[in-house]
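Input: a single structure, listed below in structure tokens.
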Amino acid sequence: MVSLIQKYIYMSLFSSKKNKKAPQEVPENSFLCITFTEKGVRAAFWNIGTGEIQTKNTSALYSFETEEDGVIATDDALKELGSASEAVGEVVFGFDPKWVDDDGLVKEKKPFIKKLAESLSLKPVGFVVLTDALVQDILSRDKMISQIIVYVQETALSLILLKKGKVTQQLSVGRSAEVVSDIVEGLARLKEEKNNENSFLPAKMVLASLVLPDQEIQEIRTQIIGYDWADKHPFVQAPLIEQFTGNQVLNSVIEQGGMAVADTRSIVLKSDDENQETGKNETDAKTDSNDFGFESVDPDLAGDNFASVETDAKKQAATSFGIPIVAQDLPEDRPERKSSHMDLSSKEKSEKKSPFSAKKKNRFKGKLAAWYKNHPHKNMILGGVIGGIVASIGLFIGWLTFSYKVEISLQLAEKVISKDVEILVDPTVATSNVEKLILRGELETEEFSGTKVVDTTGVKLAGEKAKGKITIFNKTTSPKTFAAGTILSAGSFNFSLDEEITVASASVTESGTSETKDYGKLETQVTATKIGADGNIAKESSLSIGSFDTGTYSASSIETFSGGSSREIRVISEDDKEEVLSSLKKELSTKAQDDFSSKSGDGLYYVLTGNQAVEEADYGGKVGEEADELALELVMSFEAVRYSSEDIQPLVLELLKEEIPEGYELTDKDPEILSSPKEEATKSAQVVLSANISAKALPIFDMENIISVLKGLPLEAVAGKISERPEIRGASYQVKPSLAKTFVSTVPEDKERIIITIKEDTAQ
């Protein structure tokens with residue numbers, strides 16, 4: 001004990017005291033950016049100055065496993081930004097794709113972000129999804145680009161397919177040690193989803209990551225370049241590979257979030273001319289915040305006093321994710337951001353300045369040393385100081401010894417009970433019938449819409465009909481009238497009269513003993529009955545009229561006919577209409593299935609029935625019309641039957657009660673139901689489910705008995721003692737405060753200082 005006391009005396013007498021940092025002026029329009037990967041965090045300090053979004057400083061990537069470590073890691077990242085950032089509280093978040101869903105930040109992460117904001121005195125402004133920021137950064141340079149974006153995370157890869165500036169597909173694949181193989185797998189899935197063998201992938205690829213070191217990104221890029229893409233995948237040529245480093249990804253988040261903040265707060269960025277001078281795309285300063293996937297803080301977290309970034313900046317109420325702060329309650333000088341731990345980096349320590357100059361400090365130390373050396377009672381002074389320190393340490397140790405607590409975390413031997421059954425979900429019954437396995441349901445109908453475009457397959461001829469002038473000869477002695485549309489033939493090609501005509505009769509002139517016959521004739525115009533160049537007959541071509549003998553009536557072309565032409569064109573066919581309708585129906589059915597599945601939870605479950613109907617179908621053309629593509633806008637209604645955990649709980653208990661082992665009881669968690677319709681959907685509202693019902697059971701646990709066994713037990717014997725009980729799979733303990741472990745070795749006798757917690761069993 002003496003050596004330990006000496007150690008504390010030494011630390012108290014000779015350790016330096018940290019000086020309190022003077023508050024610094026916050027630059028106008030300054031913000032923080034905190035980006036989270038799956039298990040890591042990076043921070044940046046930025047502002048909007050002189051009409052530009054400027055990144056002032058960035059941190060390294062800090063990894064964490066638990067949410068508690070996440071707060072500490074974030075604090076470490078913020079400390080790395082330097083003293084100028086410490087008074088800045090407004091923050092734009094960048095979230096990993098796994099942290100968000102269609103409703104915003106996933107509910108599992110909301111408590112963590114709230115705790116983070118409260119612990120570090122942060123004021124969230126909004127967030128950007130990392131992959132969305134990348135997409136918008138790329139589109140800001142080329143709105144019509146076609147490219148594949150590969151974003152590498154800790155455990156997964158996100159693949160995004162851009163075609164002509166639009167995201168056509170995106171998916172996620174698990175990450176292995178061979179990133180190139182993962183990319184190959186992802187591209188194969190893209191091809192399968194497209195389901196078009198003749199569709200080629202863009203010959204450009206972006207490789208980006210916030211978690212990989214720059215050198216590792218470069219190595220993966222080299223491997224991608226060396227892979228034989230053209231022979232094995234639908235690329236016209238080997239793709240060009242561009243890489244985004246971690247800093248570039250971080251800057252993308254800052255850029256997109258910054259433009260959204262500037263837009264909502266009416267902060268004027270540089271003009272188009274200035275943007276061009278600085279190398280920025282003119283769209284950067286004009287794009288609406290909604291184009292960037294920028295989301296304001298979840299109003300559900302913030303309460304009624306929350307005002308999102310879309311409101312007038314002057315009317316905004318400050319908030320810290322669920323803790324409303326009235327504007328008049330905010331101090332004029334904002335306090336420094338709270339830190340979860342106050343250790344400073346070596347760099348910050350060196351930057352701290354004493355209120356005294358070095359010269360004055362040395363002079364003061366010299367005077368103090370001289371006073372102590374010449375004091376007649378210096379030994380008494382030293383003894384008093386040491387005695388006081390020893391007494392203080394003794395009192396502190398005594399307080400620790402009599403007030404410490406031991407928190408024991410137990411992992412119970414959980415069992416999973418499951419059973420395969422067939423359940424009839426029937427919305428026509430008033431109550432469930434446990435014995436007959438009939439579950440009461442309620443009907444719900446929703447409409448889903450979508451658009452699909454297919455290439456047309458119909459083919460027909462199009463073109464112009466030949467026209468020309470002819471002379472009709474009447475060889476009879478009577479005038480002849482021919483109606484409009486009368487058919488004339490030149491070989492196998494037919495023409496028709498453009499108008500009704502009357503041809504005079506032939507005349508006979510006698511000359512001596514001979515007669516001369518002059519045919520009646522008339523010039524008129526005809527048009528070919530079919531399109532095509534065959535109607536372009538030569539001058540002085542003979543034509544027959546209808547079924548008349550050429551000895552009575554005939555015709556001859558005065559000129560070469562012209563204008564006849566033909567070509568094949570793509571037209572809409574009936575098959576095209578059927579194909580686009582069938583394909584879009586399947587897509588909407590899948591969409592409906594996914595939507596109702598996503599709604600399942602929190603005690604409610606949805607299963608599609610076979611009742612579905614087309615509400616609206618708007619085709620982009622009619623059958624026979626010339627078109628290369630056929631578009632369909634379709635609205636369909638889908639019916640689902642809904643049932644609740646309240647209704648299924650008695651049924652599950654009845655089914656599983658015989659399966660529960662002795663000494664166990666079901667947990668209060670809802671049972672898990674993995675089900676699918678037994679047969680293909682019909683028009684009936686009833687659904688027969690082939691279901692696997694599973695629930696977790698925990699051993700019946702006597703807390704008081706455990707505490708009585710542990711009281712006064714040596715700490716090193718806790719794990720062994722508890723392991724003797726079959727209902728407990730594992731145990732660990734923690735002394736609080738942790739410093740007390742240096743001075744104590746047993747579990748307290750006071751049961752009030754023994755805390756038992758139950759951890760979820762992860763062995764199943």
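The values are calculated or read from the model by the stated rules, or taken from the named source; none is laboratory data. The structure displayed is predicted, hence computed values, not measured ones. In this analysis, Cβ positions are derived from the backbone assuming ideal geometry, glycine residues included, and neighbour counts consider all displayed protein chains.
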Residue satisfying condition, being touching a Phe, Trp or Tyr at 6+ places or on another chain (Cβ under 8 Å) and more than 30 Å from residue 720 (Cβ to Cβ), within set 444, 464, 435: 444
Any hit, the range 109-120, residues being in the same structural domain as residue 238 (by TED's automatic domain parsing), crowded, with 21+ Cβ neighbours inside 10 Å and either at pLDDT below 90 or more than 20 Å from residue 242 (Cα to Cα) (or both): no
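Would you check if residue 149 is in contact with a strand residue (DSSP E or B) (Cβ under 9 Å, 6 or more places away or on another chain), surrounded by fewer than 22 Cβ atoms within 10 Å (Cβ to Cβ) and of a type in the set (A, V, I, L, M, F, W, C)? Can you show your working first?
Values: in contact with a strand residue (DSSP E or B) (Cβ under 9 Å, 6 or more places away or on another chain): yes; surrounded by fewer than 22 Cβ atoms within 10 Å (Cβ to Cβ): no; of a type in the set (A, V, I, L, M, F, W, C): yes.
Taking the combined requirement at face value, the residue does not satisfy it.
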Subset of the range 405-426 that is crowded, with 18+ Cβ neighbours inside 10 Å and either closer than 30 Å to residue 641 by Cα or at pLDDT 80 or above (or both) - its residue that is nearest to the chain's Cα centre (by Cα): 425
Residue list for the range 37-68, restricted to those being touching a Ser or Thr at 6+ places or on another chain (Cβ under 8 Å) and either among the acidic types (Asp, Glu) or outside the structural domain of residue 105 (by TED's automatic domain parsing) (or both): 38, 52
Residues that are surrounded by 18 or more Cβ atoms within 10 Å (Cβ to Cβ) and either within 30 Å of the chain's Cα centre (by Cα) or not assigned by TED's automatic domain parsing to the domain that holds residue 646 (or both), drawn from the range 596-634: 596, 605, 606, 607, 608, 609, 612, 630, 632, 634
Flag if residue 545 is in the same structural domain as residue 480 (by TED's automatic domain parsing) and over 17 Å from residue 474 (Cβ atoms): no
Residue among 508, 503 that alone is surrounded by fewer than 11 Cβ atoms within 10 Å (Cβ to Cβ) and over 60 Å from the mean Cα position of the chain (by Cα): 508
Residue list for the range 566-595, restricted to those being modelled with pLDDT of 90 or more and more than 38 Å from the chain's Cα centre (by Cα): none
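Inspect all residues belonging to the range 453-474 and state whether any of them is assigned to a loop (DSSP other than H, G, I, E, B), of a type in the set (Lys, Arg), over 30 Å from residue 652 (Cα atoms) and not assigned by TED's automatic domain parsing to the domain that holds residue 732. Give the derivation first.
Step one: filter the range 453-474 for residues assigned to a loop (DSSP other than H, G, I, E, B), giving 456-457.
Filter once more, keeping what is of a type in the set (Lys, Arg): none.
The answer is no; no qualifying residue exists.
Just to be sure, is residue 605 among the aromatic types (Phe, Trp, Tyr), over 30 Å from residue 450 (Cβ atoms) and touching a residue at least 12 places away in the same chain (Cβ under 8 Å)?
Details: among the aromatic types (Phe, Trp, Tyr): yes; over 30 Å from residue 450 (Cβ atoms): no; touching a residue at least 12 places away in the same chain (Cβ under 8 Å): yes.
In short, no.
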Every pair of residues 6+ apart whose Cβ atoms lie under 6 Å, when the first sits in the range 439-455 and is under 17 Å from residue 616 (Cβ atoms) while the second is polar (S, T, N, Q) and assigned to a strand (DSSP E or B): 445/637; 447/637
Every residue from the range 452-480 that is among the hydrophobic types (A, V, I, L, M, F, W, C) and within 60 Å of the chain's Cα centre (by Cα): 453, 454, 459, 461, 462, 466
Qualifying residue in the range 513-526 (condition: among the aromatic types (Phe, Trp, Tyr) and part of a loop (DSSP other than H, G, I, E, B)): yes
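Just the residues that are more than 17 Å from residue 533 (Cβ to Cβ) and touching a Gly at 6+ places or on another chain (Cβ under 7 Å), please, taken from the range 480-497. Write out each step before concluding.
If we filter the range 480-497 for residues that are more than 17 Å from residue 533 (Cβ to Cβ), which is where we start, we get 480-489, 496-497.
If the condition is that a residue be more than 17 Å from residue 533 (Cβ to Cβ) and touching a Gly at 6+ places or on another chain (Cβ under 7 Å), then 486, 487, 496, 497 are the ones that fit.
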